[in-house]
1. State which residue is surrounded by the most Cβ atoms within 10 Å (Cβ to Cβ) when the search covers only region 112-133 and only residues that are under 14 Å from THR181 (Cβ atoms) and hydrophobic (A, V, I, L, M, F, W, C).
2. I'd like the full set of residues that are among the hydroxyl-bearing types (Ser, Thr, Tyr) and within 15 Å of the chain's Cα centre (by Cα), limited to region 150-165.
3. Only one residue in ILE194, ILE177 is over 19 Å from ARG219 (Cα atoms), modelled with pLDDT of 95 or more and not acidic (Asp, Glu). Which one?
4. Between SER68, SER74, which is buried (at least 18 other Cβ atoms within 10 Å of the Cβ), modelled with pLDDT of 60 or more and farther than 27 Å from SER208 by Cβ?
5. Out of TRP180, TRP84, which single residue is of a type in the set (Phe, Trp, Tyr) and part of a loop (DSSP other than H, G, I, E, B)?
6. Within region 60-102, take every residue that is touching a Gly at 6+ places or on another chain (Cβ under 8 Å) and polar (S, T, N, Q) and give me the one that is nearest to ALA196 (Cα to Cα).
7. Could you look through region 80-104, keep only residues that are modelled with pLDDT of 95 or more and of a type in the set (Lys, Arg), and pick out the one that is least open to solvent (accessible area, probe 1.4 Å)?
8. What are the pairs with Cβ atoms under 8 angstrom where one residue, in region 124-152, is under 21 Å from ALA190 (Cα atoms) and the other, located anywhere, is modelled with pLDDT of 90 or more and basic (Lys, Arg)? Sequence gap at least six, or different chains.
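The values are calculated or read from the model by the stated rules, or taken from the named source; none is laboratory data. What you see is a predicted model; the values in this text were computed from it and never measured. Counting neighbours? That spans all protein chains shown, and the Cβs are built from the backbone with ideal geometry, glycine included. For accessibility, only protein heavy atoms count, side chains too; no ligands or nucleic acids. Shrake-Rupley method; radii C 1.70, N 1.55, O 1.52, S 1.80 Å.
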Amino acid sequence: MRFSLARTGGVTAVVAALAAGGLSIAHAGRTSTATLPPATLPPATAAAGTPPLQPGQVTYQDDGWGVSGPGYESGCGAQVPQGWPKVKVADYHAKFSGSNGLWVLRINCVLPATETRTDVVNERIAALRGTKGFRVLSVVDGLTPRLHPNGEPYDVLQTKTMTYSYTDDTGGTRLVISLWTTDYGRATTATVEITAAGREQDLVGLHSVVARATKTFYRAG
């Protein structure tokens, strides 16, 4: 499904923010980060035998998702890694997984816009505090130029990015990069979450995947 570039003021669906690796859950159509279901993890042999994810090995394709009906389309999209199969978690929330099971990208483009990005980060930290091996590696504010499909910048997104790690069920370390931003013109709220997960050695590649999704993200309707 493809959508034209446009700002959407009429998107009313609210879906959950799911951290890559299976951390956090939705309930009753609202956002929750308080419940931590078990992560789906790759076999230990896959983790041990796969080289680190590198920016140069990833090619990208345009993808979009959302809802449609007679005479309307509503949704969002971004450039995502080619060959990473998509699972639609909810109407406006998609997950893309590397074929080896190690790498995950999630994009949730309809957060409620009732909380600041700082509040969302603090809630995520509180929710994960009891997770084995949980460590916050960094929390960084930034600015990302958003690109029109012709490659020209047309907007600047204010972002907050949290990088953290935790110990998975195999005893290995999972690394997660979660970025929150908004495209509604509000200076501090969070309406979009873009999250990627992998291993510690995948850090540079995961940053590249998040950066590409952020600068090419769009909402349509």
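1. VAL120
2. Selection gives THR159, THR161, THR163, TYR164.
3. ILE177 is the lone residue from the list that is over 19 Å from ARG219 (Cα atoms), modelled with pLDDT of 95 or more and not acidic (Asp, Glu).
4. SER74
5. Among TRP180, TRP84, only TRP84 is of a type in the set (Phe, Trp, Tyr) and part of a loop (DSSP other than H, G, I, E, B).
6. SER99
7. In this case the residue turns out to be LYS95.
8. Taking only residues 6 or more apart or on different chains, the pairs are VAL139/LYS160; VAL140/LYS160; ASP141/LYS160; GLY142/LYS160; THR144/LYS215; PRO145/LYS215; ARG146/LYS215; LEU147/LYS215.
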